[in-house]
Amino acid sequence: MIAQGYSIDTNAILTAWDLTYRPANFESFWKKMEALIASNRAFVTEEVVRELSVKDDDACAWAKRQLGFSVPLETEQITITRELAKKHPILAKERLGRMRADGFVIALAKWKNLTVVTAENHRGPEKIPNLCDSEGVTCISLADLISNENWKF
């Protein structure tokens, strides 16, 4: 069985960092995330790191310390992101606003055959789970990742 890999959205990291699995209280969660990253199974696009740099210095510093976590933008990912923006114009508009990374997160998943992990729900056509559904990309919550990985705390 091939181990599942993940393209992690900004809001999944921020929700865990600031709300559900604060590092001061859930050190084991972050150690498991770091092990998943070290095993080359969890990734963020460069655009997620850029969003983190604007939204949370500590979460951004953590992400930058994880070797191999941030995938540099390459031609294939950019091409897929452009195709997604043509099919889903909301992604092109989001590049100018606060949700800049969404298209890149989905493109990374399509390119590398990864599962998207997000804290977003299906409420609204512009939400990542709905965009993933329309693109045939598996999209799960952080709780689903924990369950898939059989993590116990």
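Coordinate-derived values only; no laboratory data. If you're wondering where the values come from, they're calculated on a predicted model, not measured in any experiment. Virtual Cβ from ideal backbone geometry, glycine too; neighbours counted across all protein chains shown.
Report the gain in length on full extension from H122 to Q4: 0.36 nm times residue separation, minus Cα-Cα distance, nm rounded to one decimal.
Values: separation 118, 0.36 × 118 = 42.48 nm, distance 2.25 nm.
Fully extending the segment from H122 to Q4 adds 40.2 nm.
Name every cysteine in the chain that ends up alone, with no second cysteine's Cβ under 4.7 Å, or say none.
Within the chain, the cysteines lacking a partner Cβ under 4.7 Å are C60.
Pull out the extension gain between E74 and S134, defined as 0.36 nm times the separation in residues minus the alpha carbon to alpha carbon distance; nm, one decimal. Please list the in-between numbers first.
Working: separation 60, 0.36 × 60 = 21.60 nm, distance 2.34 nm.
So the extension gain works out to 19.3 nm.
Which label marks the calculated value of Cα extents along the principal axes in Å, given the options (i) 42, 38, 31; (ii) 41, 32, 28; (iii) 74, 36, 29?
After the calculation, the listed value that fits is (i).
Mind sorting T79, T10 by how few other Cβ atoms lie within 10 Å of their own Cβ, fewest first?
Details: T79 12, T10 29.
Neighbour counts put them in this order, fewest first: T79, T10.
Give me the percent relative contact order of segment 19-103, please, defined on Cα pairs under 8 angstrom at least 6 residues apart.
Working: 61 pairs, mean separation 21.9, N = 85.
The normalised contact order for segment 19-103 reaches 26 percent.
Can you tell me which of 141-150, 108-117 comes out highest on packing, and rank the rest after it, using the mean Cβ neighbours within 10 Å?
Highest mean packing first, the order is 108-117, 141-150.
Which one of P129, F26, L14 has its Cα pushed farthest toward the positive end of the charge dipole of segment 6-148, where Lys and Arg give +1 and Asp and Glu give -1 at the Cβ?
Most positive-ward Cα: P129.
Need the list of lysines near K127 for cross-linking: C-alpha distance under 20 angstrom, and skip anything on the same chain fewer than eight residues off.
K55, K86, K87, K93, K110
Restricting to DSSP loop positions (anything but H, G, I, E, B) with no more than 14 other Cβ atoms inside 10 Å of their own Cβ, which GluC sites (Glu not before Pro) remain in segment 42-124?
Working: sites: E46, E47, E51, E74, E76, E83, E94, E120; in loops: E74, E120.
Within segment 42-124, the qualifying GluC sites (Glu not before Pro) (loop, at most 14 other Cβ atoms within 10 Å) are E74.
How big is the charge dipole of the chain about its Cα centre, in debye rounded to the nearest 20, if each Lys and Arg gets +1 on its Cβ and each Asp and Glu gets -1 on its Cβ?
Numbers: 20 positive and 21 negative charges, 17 e Å.
About 80 debye.
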